[in-house]
Every structure is written in structure tokens, then in C-alpha cells.
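Let me begin by presenting the structure, written as C-alpha cells, before commenting on it.
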Amino acid sequence: MLRSTLRPGRALALALVLAAAAPRPAAATVLVESAQAPPGSLSPLAPGDELLRWQRSGATPLRSGDFAHWGDLDLLAFLESPRGTLEIDLLRQGEPRRVTLPPAAWTFRGRPTGVDPALVERVAQLAARESTATFEQVEPLLAGAPAEVRSWAWTRFADAAGKRSGWRTAQRALATAIPLSPPHVAADLERLHGDALRRLNRLDEAEAAYRRALALWEGLEPRGLGSTFAINALANLRAAQYELAEANRLFLEVAEIRGRLAPGSWLHANALNGLGTTAGRRNDLAAAERHFEEALALAERGHGDPGPPLSNLGIVCRLRGDFERAEMYTRRALELYRAADNRSEVADKRVNLANILGDARRFDEALAVYGEALAELEGDAPDREALGTALANRANLHWQRRDLAALAADLAAARAQLAFTRPRTATEAMVTSLEVELARARGDLDEAARLAVLTLEVREQIQPDSSFVALAASELAGLRAAQGRAEEAEALHRRALQALDLQQRRLGGGDRGLVAFRAKFAGIYRAYQEFLLGRGRAEAAFEIYERSRARALLALLGERDLELAESDLPPALARRRRELTLEVEKAYLALARLANEATAERETLRLKLETLHAERERLDREAHAGSARLAAIEAPPALGLAEIRRALAPGTLLLAYSLGPESST
């Protein structure tokens, strides 16, 4: 399936004792179509295996069942494997065999036995085409076929269409497959049907599909693992609509069920990733990072897909301004999705990567990656939200390059895809914020101010007390000052600084994250300084300058105090910190010894360093949490000019520089 999820098992009441070598039945039902193991594992199932029955080892009461439908294999590993080890009886090249399937993030696909290989090939050929006309060509191929074969064919057709962003075709195919399928398969197909509808921006219909899926799962196993997939889909929908309290409630419900039925499994990791996503949308980057790192730790032990937490960690690092680490995480995620041939996810991660490259002012590289992403997003019915997001982000790059013609073109195209009047999402707010810049560059201050007011209102609503609010308030402050409305401008500058300070309390990332964040948003402090200097208020401007530096000083003090308090730490934690320090030093030494032309080796070492630094910062957070002395450290206050003067010896000159892109003070 598109991304197969769970069913709660059809034969819950069956207590079937399997023989060590089961006899071949009259007709095996499910043939293994493909088998994908998590990293570092080997799949016990192989393409061509004919599956007979399964049981979960050590269960009380014993859970077991036959393979009676092609969808049983697609769902088995996601419903039963997280709960415990499975034993599967099968025929391999006609010989009976029993294999063991340990709990892990397996991905299997089955199809009905006896399907004509020519039909398999023809469906694949039609699904690979871009034209919606291929939909009508599939039905004649299935004339007279059993319902199971038809549901399988339409589901595989939908899967292939989705991978090439043909969401209209995928939606039609799934809608056709659902009534042909038994309840446990129909429940999962309804969820996938909802995903396709959401891609088409038919949100009410998507929610209805998710609720049908939930009702089917609840009828099969109330509060079971299958239900969590429908709840998770509803949570993601609410999060995308910025109904964050409801999204968080639903994600917590998912985490509770999965933590009870399958603790430590890939499903549990997926729930942690959902909680991290909600925290990130609330701009609590520290909490988001903790959830993503927990999910990644489970995934790297074989209990989950590392792609989502890696990608999300990249977004967190980018929001802090730590572009090197953001690139490291995003490239790792991109490679995983590329290996899985998931075109829609590849396109999404390419947009993320291009955003990072643009922020790092690697403009030519960023433009090339945006082009690759947009090519991936094209299809017979492309995901309008994804396409609009890619165009809006590329428009931001054009603004950084001051290419106004390209900026205007991409903004118009983004608006056409997103189809909004008043912005409702972060992407749409980014469009209006860029339209502010375009109007200002054209000299239309009134239009720029109108759009800036709208942008700030939306940012305050969906991203309160965040760096996004700070940017919007600072932009509007500049426009109000240009309009001669100095009192409003100063209030907006103060609002911008307040939002930055509140964001910093939820920043995470250690001293590196804080320094990167300060560097990324230094322009907001500098804009207020210049506003005050322009009105002859030098002392107030200096105090804003000092305020911008106080938290950076805390980061340096915190690192010093961590070294002094190492005796407070558990021996294993202190030892690993010392080992990491040595590994970092060795990596830097190896980097220095590389020849200039060794670009591949240099990139490998650079990414290794980012991984080591990330682990070191995670351990530092554990150290701060476990040390009473470190927990007592508080932020040093920003000093006013009068206090600094009193602390200096008579005749001492204090000289401070504030550097901007176009001038210095």
C-alpha cells in the first residue's frame, strides 16, 4: 500500500497450534510480492514465498490466523509484529518452512496467488503513466476477476499513482478498491483514501474518510493498534489546520495506546514523532527536539522509520539557524526516501534542503535543488499544497537574491496553487510576508503596510511568541517608521524583541543553537538599535545591543560550568562526553589533513562531525538535567549603560561595534 499500516487481526478468538512443518493446503492464498527489512536486518520472508498461517509467540491467549487475503501480509507486520515475535508457516519453492519475524519496522507486500504475471506487469505499466486515461484501461483487464484480485490491482495502481503525485488517480483507485475489500483491509484503505483527498485539498472529505477508517478499526479491536492510525491521521489534519491543542490531544491518545500495546516499537516511535511535530508547530523547539531524538533512537535500533525524525530534526536546526547540522539531518533523510523510491517525500525533503542552502546563501545550489523538487511534484493531479509550498519557498530565495521579477512570478504561482485570500497557514503567511517586501521594493508603502498587518495578525494567531512573530513585527515596525508613525514603530520593535526572548526559552540546541539563533535574528535587534539612534537615543540603543549579547554570554558560562561540574555526572555519561571530545578532535585533525581536491571525503567527515556534535549536545542536556549545580545556573541580566560605567575604572573607554549587512555602528 501507499504506506501500509495496521489491522487488529481477523482471527482474535482462534487458538491454532501450528505444526513444525505444515502440509501444503489445496491453494495458498497470499504470495509475497516484496519484502523490505529495516536497516541492519535481513527479512525472513522473500519474494515468491507462499504464506499459510501465522501465530504470535508467547501470547496469552495465543493470537493466530490464516493468510486469507492479500492485504493480510501488508498489515501483519504493522499490527502483530510490534506486539511480539511472530512465527510464520510458508512454502518456499514448494517446500514447507517456518520462519520467525521479530518485532521491527518491516515492510511487506502481498498479492493473491494465481494472479496472471501478465496482469501484474500490465497494471504496473499503466500505473507508471502520467495520463488519467490509464484509469479506464485497468477495469477491462480485471473483468471477471475475483474481488480480492480487483482490490489488490486497484490498490497497487493507487500506490504507483501516489508515488508520481497523481493524487486524483490514486483517490479514484482507492475509492474503487475499498468496497471490494474485507473490513480490516478496507479500514486501512480508507485512511490512505483520506491521505489522497487531503493532498487534493478536499479536507472535509479527508476527515470523513479517516473517521470511517476509525469506525471500522473500532469494530474490529476497540482501542487497538489499528485505531491509532486513523487517530494519527486526524491528528495530522488538525495540526495542519493549526488546531494544535486538539492535535496534541489526539497524538497523546495515539502515544498512550501504542505505549500500552507496543512499548518501544516503531509505532511508539511514530507517536513520539507526532508529538514532536505538534511541539514544533508551537515553536517549542527544545521539546520538539527531545521527541524527535527519542523517535530516532528507537528507529536506529530497528524499531521505526528514521526518515521522519531525521527530516524534522533538520527543520528544528534550520529554525535555530544551525544550517550545517540542518543539512546533515536533511541529506540523511533524503537518501532514505530516495532509496525507498518515495517521490512525494523526496520532493518534500528537497524543498527542505533547498531552504537550508538558501539560508546559508548557497544560492546556485539552492535553485538547482528547488528545480529538482518541482519536477518531482508534477503529476496528473499534483499536491497543490506541496507545489504551492515549494514555489513560496523558492520565492523567498529570489528575495534573498533580490531578483524581483522571479520573486513576483513565483509568488503569483504559489497563490494560484494555494488558492487563499486571507492566510491560514505558515506557508500562506510566508507568501504575504514576501508580498510585503515586493510592495515595499516597488515603493508602495501603504500596500506593504496592509499586507504586513495581515501577516503579523496571522503569525500571532498560528505561531504565537515565535521568531516568525518577531520577524513580522520588525517588518511592520520599519514600515510604520517610514510612514512617520514612530510611536507605533517603537511598540512593534519591542513586540519583536519580546517574541525573540520567549522563543529562546524554548530553543534547545545548547550553546551552538543559541549562538546560531542569535546570528540568524541579529537583524531584528539591529533594526531597533538603528531606529533609536535615528531619534538621538544612543543610551537606549546601547542597552538593546547589550540585551542581544547577554544570552550568548550565558551559553559560554554554561559550557564552562558543565566542565567544572563533571564530578556530579554519572560515570558512564562523563566517560562518553570525554570520548566524544576525543572523537571530535580526531575528526577535525583528519579534516585538516585532506587534500583540497578530496571533496567527497571532506563532505563525509563534515557530516560525521555534525553527528558527533549533535550527540555531544544531547549528552550535555542530560548532564544539565542530572546536576543540581548546573540546574541552578540562570541567565545573566543585560546591563544598562549606567551600571557598566560604574563598573569601569575612571578614564576607561568602552568601545562596542554593532555590525550590519550595509553599515556598522
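The values are calculated or read from the model by the stated rules, or taken from the named source; none is laboratory data. Bear in mind that the values here come from a model prediction, so they are computed numbers and not experimental data. Please note: Cβ atoms are built from the backbone with ideal geometry, for glycine as well, and neighbour counts cover all protein chains shown. Accessible surface is based on the protein model in full, side chains and every heavy atom, while ligands, DNA and RNA are left aside. Shrake-Rupley method; radii C 1.70, N 1.55, O 1.52, S 1.80 Å.
How many Å³ per residue does the convex hull of the Cα positions in the stretch 324-407 occupy?
Details: hull volume 6.8 nm³, N = 84.
It is 81 Å³ per residue.
Arranged from highest to lowest average of other beta-carbon atoms within 10 Å per residue, in what order do the peptides 227-237, 353-363, 113-123, 514-524 appear?
Averaged packing, sorted descending, gives the order 227-237, 353-363, 514-524, 113-123.
What ratio of Cα Rg to 2.2 N^0.38 Å holds for the stretch 61-199?
Normalised Rg, Cα atoms only: 1.12.
State to the nearest 20 debye the size of the charge dipole of the stretch 211-266 about its Cα centre, where the only charges are +1 on K and R beta carbons and -1 on D and E beta carbons.
Result for the stretch 211-266 is approximately 60 debye, rounded to the nearest 20.
Please list the non-local residues whose amide H lies under 5 Å from the amide H of residue 107, H modeled 1.01 Å from N, same-chain partners needing a gap of 5 or more.
Those qualifying (amide H under 5 Å, at least 5 residues apart or on another chain) are 36.
Could you give log10 I(q)/I(0) at q = 0.10, 0.14, 0.15, 0.22 Å⁻¹ for the stretch 179-273, computed by the Debye formula over C-alpha point scatterers of equal weight, without solvent?
Listed by q, the Debye log ratios stand at -0.24, -0.48, -0.55, -1.11.
Net charge near residue 282: determine it from the other residues with C-beta under 15 Å of the C-beta of residue 282, scoring Lys and Arg +1 and Asp and Glu -1.
Net of charged neighbours comes to +1.
All other residues with a Cβ under 10 Å from the Cβ of residue 261 taken together, and with Lys, Arg as +1 and Asp, Glu as -1, what is their net charge?
For residues surrounding residue 261, the net value is +2.
As a test, work out the antiparallel percent of DSSP beta bridges whose residues both lie in the stretch 52-204, rounded to the nearest 5.
In the stretch 52-204, approximately 100 percent of DSSP beta bridges are antiparallel ones.
To two decimal places, what compactness ratio does the stretch 387-432 give when its Cα radius of gyration is scaled by 2.2 N^0.38 Å?
Rg over 2.2 N^0.38 Å, computed on Cα atoms: 1.02.
Could you run the Karplus curve 6.51 cos²θ - 1.76 cosθ + 1.60 with θ = phi - 60° over the stretch 443-454 and give me ³J(HN,Hα) per residue in whole Hz, x for Gly and Pro?
Taking θ as phi minus 60°, the curve returns x, 9, 5, 5, 5, 4, 5, 4, 5, 5, 4, 4 Hz for the stretch 443-454.
Based on Cβ point charges of +1 for Lys and Arg and -1 for Asp and Glu, what charge dipole magnitude is obtained for the stretch 196-317 about its Cα centre, in debye rounded to the nearest 20?
Its charge dipole is roughly 160 debye.
How much length is gained on full extension from residue 208 to residue 372, taking 0.36 nm per residue of separation minus their Cα-Cα distance?
Here the segment from residue 208 to residue 372 would lengthen by 55.6 nm.
For the stretch 324-477, state what percent of all Cα-Cα pairs lands in each successive 10 Å bin, counting from 0 Å until the bin that includes the largest distance.
Whole-percent P(r) values from 0 Å outward: 12, 37, 37, 13, 1.
Rounded to the nearest angstrom and ordered from largest down, what semi-axes does the equivalent ellipsoid of the stretch 492-543 get from its C-alpha gyration tensor (root of 5λ)? Working shown, then result.
Working: eigenvalues 116, 25, 13 Å².
After scaling each eigenvalue by five and taking roots: 24, 11, 8 Å.
Take the Cα pairs of the stretch 222-285, get the Kirkwood Rh, then feed it into Stokes-Einstein at 10 °C and 1.306 mPa s and tell me D in µm²/s.
139
Could you derive backbone 3J(HN,Hα) for the stretch 162-178 from the dihedral phi with the Karplus parameters 6.51, -1.76 and 1.60 (θ = phi - 60°), listing whole Hz in sequence and x where the residue is Gly or Pro?
Computed from phi, the couplings for the stretch 162-178 are x, 5, 9, 6, x, 6, 5, 5, 4, 4, 5, 5, 5, 4, 6, 6, 4 Hz.
What does the highest-first list of 96-105, 399-408, 204-213 look like by mean Cβ count within 10 Å?
Ranking the peptides 96-105, 399-408, 204-213 by packing returns 204-213, 96-105, 399-408.
Rg and Dmax in Å for the stretch 67-115, alpha carbons only: what are they?
11.3, 32
So what's the projected area for the stretch 257-398, the Cα convex hull averaged over all directions, in nm²? Provide the component values of the computation, followed by the final result.
On the way: hull surface 35.7 nm².
In nm², the orientation-averaged hull projection of the stretch 257-398 is 8.9.
Which order do 328, 430 take when ranked by solvent-accessible area (1.4 Å probe, heavy atoms of all protein chains), largest first?
Largest to smallest exposure gives the sequence 430, 328.
Within 13 Å, Cβ to Cβ, of residue 248, how many net charges do the neighbouring residues add up to if Lys/Arg are +1 and Asp/Glu are -1?
-1
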